[in-house]
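Encoded as structure tokens, the structure appears first; notes follow it.
The values are calculated or read from the model by the stated rules, or taken from the named source; none is laboratory data. On a predicted model such as this, the values are computed, not experimentally measured, just so you know. Backbone-built Cβ (ideal geometry, glycine too); neighbour counts: all protein chains shown. In case anyone asks, the SASA skips ligands and DNA or RNA and just uses the protein heavy atoms, side chains included. Shrake-Rupley method; radii C 1.70, N 1.55, O 1.52, S 1.80 Å.
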Amino acid sequence: MAEKAKSQPAYLTDIQTMVHGEDVSMEGITYKVNAPKDIDPADIFFVQVNQDDCQACGECESYCPTGAIQEVTEDGEHAVIDPVACVNCGQCLANCPFGAIHEEVSFVGELLEKLKDPETIVVSMPAPAVRYALGECFGGSTGTYSGGKMHAALRRLGFDHIWDTEFAADVTIMEEGTELIERVKHGKKPLPQFTSCCPGWVKFAETFYPDLNEHLSTCRSPIGMLGSLAKTYGSQETGVLSKKIYTVSIMPCIAKKFEGLRPELQSSGFKDIDATINTRELAWLIKEAGIDFNALPDEEADPALGMSTGAGTIFGTSGGVMEAALRLAYEELSGEKLADPDIKMVRANNGLKTADIPVPNFGTVKVAVVSGLEQAAELCEQVREGKSPYHFIEVMTCPGGCVNGGGQPLEPGILEASLFKSTIAKINRRFTKRKIA
């Protein structure tokens, strides 16, 4: 297939070029325009506290699962003291009542240059959870689905291909489910098997439990798979040279910026993921471009990397990866068709949930689903001591899963110059967490 000439995206005409290192406010959060090159992501601070704005309330420290953020002055101001210990979840940022925490990495400046470059083919790769939060930035209620309008907005921004991470989530199901079956049947690798989709959790496990590495699934996350597929299969299908493709991961998560920079993600022969932005940055781009989001028609993603099943959709919520993988494992282990694909017993909104899944012709598969690294650490200690009863454990860092990630729109009222108002906003948040049906 021959390459098509690319026209200048009209909506970007009035957006000025950004300067590397400048601070830009996007959806209530300050971002530093910074697209790191040739640097170990473990050495990068992805979030940091602005000492001038810190009011020493300690809220950030209470939300940090690893102790990476601590008091650094006698007056109680806080800072992220070690990028190695930080898992980049951004929950400190999402819960700071004074807006004192900002993002240190933003690819938006570089992305704008690529969108305007007629020689670069820019590919969007949005995660399932983004479409359940993006609409909130345009007046929608919590959890409003806006996937069709998101695809339409991406086209108007100048993205050449709208490929969807849900496609790769389906691939992950097949790979991770098959790996679980191999472990259960043949025991070539140890049980339990941990999921490997959440980059905050993976960094936590690698840093604090390196001895459990063999328990992590060998599968890449869905975006890790799609980045490589975009520059191999996608290149082949579109007739565009891999070196001309610029892949943009659009995530609900700050930790995905860390993942996209991992040196391992170069199996395509190029950098698999060129840039990562989160939901807030995408909303800012749409607004800056003057696009009337709510007036957009609903549009579909592009084939052949844009189609997916409902199993890929539920990856964005706690228990979704587990449920999707169990559907495959159940049928493969039992040899029977699953009468009802909804395995509701593994669905979780927060914390820890366990279940025993009876599988005909096999026995019982014991599983655990956890969101939050404190309880994940307890499960890791069980595995380390050889006392874990589980076959499969899903871990997500953020409460309720990716839909409540650190890169999502902030809860209205969080950024109030009052700890009291912020506390009320957080109480409300407990009852309005985004969910994927």
Check: Looking at Gly227, Gly260, Gly239, Gly234, which one is under 21 Å from Asp164 (Cβ atoms), buried (at least 19 other Cβ atoms within 10 Å of the Cβ) and over 15 Å from the mean Cα position of the chain (by Cα)?
Finding: Gly234
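Does Phe431 meet the test of being among the aromatic types (Phe, Trp, Tyr), surrounded by fewer than 24 Cβ atoms within 10 Å (Cβ to Cβ) and at pLDDT below 65? Spell out how you get there, then give the answer.
On the way: among the aromatic types (Phe, Trp, Tyr): yes; surrounded by fewer than 24 Cβ atoms within 10 Å (Cβ to Cβ): yes; at pLDDT below 65: yes.
Taking the combined requirement at face value, the residue satisfies it.
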Notebook entry, point to check: Quick check, is Arg156 without any contact (Cβ under 8 Å) to a residue 40 or more places away in the chain and closer than 25 Å to Pro9 by Cβ?
Noted result: no
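Only one residue in Val395, Val365, Val370 is in contact with a His (Cβ under 6 Å, 6 or more places away or on another chain) and either at pLDDT 90 or above or in a strand (DSSP E or B) (or both). Which one?
Numbers: Val395 fails: in contact with a His (Cβ under 6 Å, 6 or more places away or on another chain); Val370 fails: in contact with a His (Cβ under 6 Å, 6 or more places away or on another chain).
Matching residue, one of Val395, Val365, Val370: Val365.
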Notebook entry, point to check: Are any residues in segment 153-167 in a helix (DSSP H, G or I) and modelled with pLDDT of 85 or more, and if so, which ones?
Noted result: Ala153, Leu154, Arg155, Arg156, Leu157, Thr165
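One line per residue, one yes/no per condition, for (1) open to solvent by less than 10 Å² (accessible area, probe 1.4 Å); (2) under 20 Å from the mean Cα position of the chain (by Cα):
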{"residue": "Gly67", "(1), (2)": "no, no"}
{"residue": "Val84", "(1), (2)": "no, yes"}
{"residue": "Gly90", "(1), (2)": "yes, yes"}
{"residue": "Gly109", "(1), (2)": "yes, no"}
{"residue": "Thr144", "(1), (2)": "no, yes"}
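Check Thr313, Thr276 and return the single one that is of a type in the set (S, T, N, Q), modelled with pLDDT under 95 and buried (at least 17 other Cβ atoms within 10 Å of the Cβ).
Numbers: Thr276 fails: modelled with pLDDT under 95.
Of Thr313, Thr276, the one residue that is of a type in the set (S, T, N, Q), modelled with pLDDT under 95 and buried (at least 17 other Cβ atoms within 10 Å of the Cβ) is Thr313.
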Notebook entry, point to check: Consider Val122 against the criteria (1) in contact with a strand residue (DSSP E or B) (Cβ under 8 Å, 6 or more places away or on another chain); (2) in contact (Cβ under 8 Å) with a residue 40 or more places away in the chain; (3) assigned to a loop (DSSP other than H, G, I, E, B): it satisfies all of them except one. Which criterion is unmet?
Noted result: (3)
Next item on the list: From (1) among the aliphatic types (A, V, I, L, M); (2) in contact (Cβ under 8 Å) with a residue 60 or more places away in the chain; (3) closer than 30 Å to Ile15 by Cβ, pick out the condition that doesn't hold for Val87.
Entry: (3)
Next item on the list: Determine which single condition Arg262 fails, assuming it passes every other condition in (1) farther than 30 Å from Val24 by Cα; (2) at pLDDT 70 or above; (3) assigned to a loop (DSSP other than H, G, I, E, B); (4) not small (Gly, Ala, Ser).
Entry: (1)
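Please enumerate the residues belonging to segment 180-193 that are touching a helix residue (DSSP H, G or I) at 6+ places or on another chain (Cβ under 9 Å), part of a helix (DSSP H, G or I) and either over 19 Å from Glu214 (Cα atoms) or not hydrophobic (A, V, I, L, M, F, W, C) (or both).
Within segment 180-193, the subset touching a helix residue (DSSP H, G or I) at 6+ places or on another chain (Cβ under 9 Å) is 180-181, 184-185, 188-193.
Those left that are additionally part of a helix (DSSP H, G or I): 180-181, 184-185.
Across segment 180-193, the qualifying residue is only Lys185.
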